[in-house]
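I have placed the structure first, in the form of structure tokens, so that the comments after it can refer back to it.
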Amino acid sequence: MKAKELVCIGCPLGCNLKVEISQEGTMEVTGNTCPRGADYARKELTDPRRIVTSSVKVQGGHLPCVSVKTETDIPKDKIFECVRALKDVVLTAPVEIGRVVAEDVAGTGVRVIATKRIYEATDR
């Protein structure tokens, strides 16, 4: 039996989780104070995923860039590919919250959206 220790990121408590993995692959999770901890541990050890946050350039805006994020989590091994895909994206102001910045980023089927409103440089 193998054991792994994790810190849960499913809620603000940050529980210290211990996962016992049997030879058959079943997992027993302890240390969680809510059901999200057990779900997080199982997912983290079988299919780790993350929401990616970044920024992209904006031309003609009151700010030079806009914050963006993936709409849902993507496989952890696709994070750098996602960030590289956003490196050369340049938007033109105005930019509204929720604007799609990239479709199917890194072949994940997930869109990247703007999370801030950027006005034209002359607007306010």
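Quick note: the coordinates plus some simple rules give every number you see, no bench work behind them. All figures in this text were calculated on a predicted structure; none of them were measured in a lab.
Computed over the chain with a Gaussian network model linking Cα atoms closer than 10 Å, the most mobile of 43, 69, 57 is 43.
On average, how much area does the Cα convex hull of the chain cover when viewed from any direction, in nm²? For the Cα atoms of the chain, the hull's average projected area reads 9.3 nm².
Sorted largest first, the principal axis extents computed over the alpha-carbon atoms of the stretch 53-114 equal 34, 19, 14 Å. Of all the options 99, 36, 49, the one that moves most in a Gaussian network model of the chain with Cα springs shorter than 10 angstrom is 36. Full extension of the chain between residue 104 and residue 30 gives 23.0 nm of extra length, using 0.36 nm per residue less the Cα-Cα distance. Extension gain for residue 72-residue 97 works out to 7.4 nm (0.36 nm per residue, less the C-alpha to C-alpha distance). Our coupling estimate for the stretch 6-23, obtained by passing each phi through the Karplus curve with A = 6.51, B = -1.76, C = 1.60 and θ = phi - 60°, is 9, 10, 5, 10, x, 8, x, 5, x, 4, 7, 9, 10, 10, 9, 10, 7, 5 Hz, Gly and Pro reported as x.
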